[in-house]
Each structure stands twice: as structure tokens, then as C-alpha cells.
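Trainee: Mind having a look at this structure? Questions to follow.
The values are calculated or read from the model by the stated rules, or taken from the named source; none is laboratory data. Since we're looking at a predicted model, the values are computed, not measured. Don't worry about glycine lacking a Cβ; one is built from the backbone with ideal geometry, like all the others, and counts go over all protein chains shown.
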Amino acid sequence: MVAAQAPSAPPAGSAVADAPAVPAGTTPSVPAGTGLAPDPVPDPAPTPTPAPAPPLDLLRFHSDDNPLDTGTDRWLKEGLAAALPDLRMTALFEARPDLFRSTEHLVVCTRADGRPVAALGASWASTAAAERFLHIGIQFVDRDLRGGAAFSSSWLALLEQVVATAEFPRINVLRTYNPVAYCAMRAYGQLPGAVLYPDPRREQRDARLGELASRVADAVAPGAPFDRRCGRISGIGVPTDLYRARPTCDDPAVNDYFRRHTRPGDRILCMVHIRSSETVTTILDGFTRRLGRSRGSGDPSTSTSAASAVPAT
């Protein structure tokens, strides 16, 4: 799309040819002695009405109870490849063909016409010391819907599903090159009773948290080089050039942190450890309230079967 250019100012002493004319039959008042015709007063522009957000729906899958079949897996890959042109999704699916089908919990957000526009997936895992954690391994949102209902509703639905089948995850983990994903984790990693790793704003490091991060990194990327000082896991991104350009968020400090500590193919291990039962209660209460508001406002929250929503292939 070609950007509109501002018109250049007329040369000094010239007239503007297409200035609007004074309506016939009117005699505008002119300051005495100026010899100038007044500029007409334009009618106030109407306030534009925002277009309503497109309706969205949610599909929920579980590796045991409601797994993806071959046709649904292909539909999801083709749809997300079209929805995320800023990522090399086709290359990702070629390198990791079982990405969706190997995920324990999967939530897919679709438009009313059945096109997938977001996917969020997570699986339980454990460290060698038997510390259980939730690994968020899939987080994709259509570039035109990021920051909106597709993102928040997918997260709410995933947490609801995880809690319904197990317990609230005390340790939450993701590996990412994207500062936006880190900021999503940070939103509840800064609550009282929770700790965030890494935290660019803290100079003093939590030794226990760093040791836990090392054990988690060994579980999610066995044998990969891990720098616990900054959270970088080197060279695990497949494909290396998944991102066509370096992603950024609204926080310059976080952008700078990722820029200093990663290059294409690297990932930052992001982790939230909830150490207080009161914090779990606070998060669950907040989750329940937000889910109720989301349903009341018409945001996507429906559990729909794949058979009714996925086109026949």
C-alpha cells in the first residue's frame, strides 16, 4: 500500500486553485480593510464508528481425550501459515511435523468462517529432580489480532483446561525469541508470592531460581548450551530464520535485553515460579472473573468439537 503524501504548500503569493467556494447567495463578513475573502468554516467531521471485532470461536484438544486427527492437523497448519506471514511457518512444520499432535493441551482460535487465527499449546514436563512444570510450547496469533481477544481468550481457555485436568501449574515455562511472549509471562510473574526469570530490572539474582532454571533448561533442551545469567539457550530454534525480522514489544528495556542476549536460533528461557498458595488463589480468582467478563462481552469462550468446525479434507 502506498502511503498518502501530504500536499506541498503553495509558493508565496500564489492562490490555491481548489479552495472551496462560498455558497451562492451568502455574504460572508470580512475584516474591514483586508480585501481578503474569508476561509469557509468546514462542517465538523463525523466521529468514525469503530468496526466491530470479528466473531471468534475456540476449539479445545487434548492428546488423550480429544486428539488432533490428520485432516485437522493439516487444516491447522495451512491456516496458520496464511495467518502469520511474518513467520516462516511452512519451514517450521516441515522441521517439526508433530508440533501440534504431540502437545498435551491445545487451544485453537478460529474466525466464524472456520479459519484458524491463533493456537496455544502446553504440556506437563519434569526436571531430573522430579519438579513438575507446565511447558508452553506453542503460542501463535494472527498478526492482525495480537493483543486482542484471540490472545487473551486462548490463554484463559488453556488455563481452564489445565486446571480442570490436573492442578494449577506452580512452575510455568516457555522458550522464546519474542519479547512479547516474555511480557505475557511477566504479567503474573510479578505478583506477590511469584518470581520471574529472567528479570532485566533486577540486579540481584535469586540463586535458587537460577538453579531451578538450569534444571528446567536441561529438561526442555537436553544438551543445549544454557547461560543461566541471562536465560539464553543457544541454537535450538528450528528453523533458525523462523522470524523474518526481530520481534519487539512495547517495553524498550525488554527489547534491549533480547537484542543483547540472543541471535537468530537462540531462545530465552522464561519462567514463573509461584511459591505462595495465596498467589495461586489470587490468580485463579482473577482468571475466573476475567473468564466471566469475556463470556459476558461475547469474546470467544465456546468449546466446539473439531468435527463441526473443521472443513472436510
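Trainee: Does any residue of segment 259-271 turn out to be basic (K, R), touching a Gly at 6+ places or on another chain (Cβ under 7 Å) and closer than 20 Å to M89 by Cβ?
Mentor: Within segment 259-271, the first condition is being basic (K, R), and the residues that meet it are 259-260, 263, 267.
Subset that is touching a Gly at 6+ places or on another chain (Cβ under 7 Å): 267.
If we keep only those that are closer than 20 Å to M89 by Cβ as well, we get 267.
Checked against the condition, which is being basic (K, R), touching a Gly at 6+ places or on another chain (Cβ under 7 Å) and closer than 20 Å to M89 by Cβ, segment 259-271 yields at least one hit.
Trainee: Residues to consider are V180, V195; find the one that is touching a Pro at 6+ places or on another chain (Cβ under 9 Å) and of a type in the set (V, I, T). Explain how you work it out, then say what you get.
Mentor: Numbers: V195 fails: touching a Pro at 6+ places or on another chain (Cβ under 9 Å).
Testing whether each residue is touching a Pro at 6+ places or on another chain (Cβ under 9 Å) and of a type in the set (V, I, T) leaves just V180.
Trainee: Filtering segment 223-240 down to residues that are of a type in the set (A, V, I, L, M, F, W, C) and part of a strand (DSSP E or B), which residue is farthest from N178 (Cα to Cα)? Let's see the steps before the verdict.
Mentor: Step one: list which residues in segment 223-240 are of a type in the set (A, V, I, L, M, F, W, C), which gives 224, 226, 230, 233, 236, 238.
From what is left, the residues that are part of a strand (DSSP E or B) are 226, 233.
Values: F226: 18, I233: 14 Å.
Checking each candidate, the answer is F226.
Trainee: Please tell me if V173 is surrounded by 14 or more Cβ atoms within 10 Å (Cβ to Cβ), at pLDDT 95 or above and closer than 23 Å to G235 by Cβ.
Mentor: Considered against the rule, which asks whether it is surrounded by 14 or more Cβ atoms within 10 Å (Cβ to Cβ), at pLDDT 95 or above and closer than 23 Å to G235 by Cβ, V173 comes out as yes.
Trainee: Can we say A164 is hydrophobic (A, V, I, L, M, F, W, C), over 20 Å from F226 (Cβ atoms), in contact with a strand residue (DSSP E or B) (Cβ under 8 Å, 6 or more places away or on another chain) and part of a helix (DSSP H, G or I)?
Mentor: When the stated conditions are applied, A164 does not pass them.
Yes or no, residue by residue, for (1) modelled with pLDDT of 95 or more; (2) more than 27 Å from A164 (Cβ to Cβ); (3) in the same structural domain as V163 (by TED's automatic domain parsing):
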{"site": "D18", "(1), (2), (3)": "no, yes, no"}
{"site": "V30", "(1), (2), (3)": "no, yes, no"}
{"site": "G35", "(1), (2), (3)": "no, yes, no"}
{"site": "V41", "(1), (2), (3)": "no, yes, no"}
{"site": "P48", "(1), (2), (3)": "no, yes, no"}
{"site": "D65", "(1), (2), (3)": "no, no, yes"}
{"site": "D69", "(1), (2), (3)": "yes, no, yes"}
{"site": "L80", "(1), (2), (3)": "yes, no, yes"}
{"site": "F93", "(1), (2), (3)": "yes, yes, yes"}
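Trainee: Separate question: List the number of the failed condition for A187; all other conditions in (1) of a type in the set (A, V, I, L, M); (2) over 15 Å from the mean Cα position of the chain (by Cα); (3) loosely packed, with under 15 Cβ neighbours inside 10 Å hold.
Mentor: Tallying (1) of a type in the set (A, V, I, L, M); (2) over 15 Å from the mean Cα position of the chain (by Cα); (3) loosely packed, with under 15 Cβ neighbours inside 10 Å, A187 fails exactly one: (2).
Trainee: If I ask for residues that are without any contact (Cβ under 8 Å) to a residue 24 or more places away in the chain and within 18 Å of A221 (Cα to Cα), which ones from segment 98-120 would you list? Before you say what the answer is, go through the steps one by one.
Mentor: Restricting attention to segment 98-120, the residues satisfying the condition of being without any contact (Cβ under 8 Å) to a residue 24 or more places away in the chain are 98, 113.
Passing the criteria: only D98.
Trainee: Can you give me the number of residues within segment 167-190 that are part of a helix (DSSP H, G or I), of a type in the set (F, W, Y) and under 16 Å from C230 (Cβ atoms)?
Mentor: Narrowing segment 167-190 to residues part of a helix (DSSP H, G or I): 179-189.
Those still in the list that are of a type in the set (F, W, Y) too: 182, 188.
Retained after the next criterion (residues that are under 16 Å from C230 (Cβ atoms)): 182.
Qualifying residue count for the region: 1.
Trainee: Scan segment 176-193 for residues that are modelled with pLDDT of 90 or more and within 22 Å of R60 (Cβ to Cβ) and jot them down.
Mentor: Listed by number, the list holds a single entry, A181.
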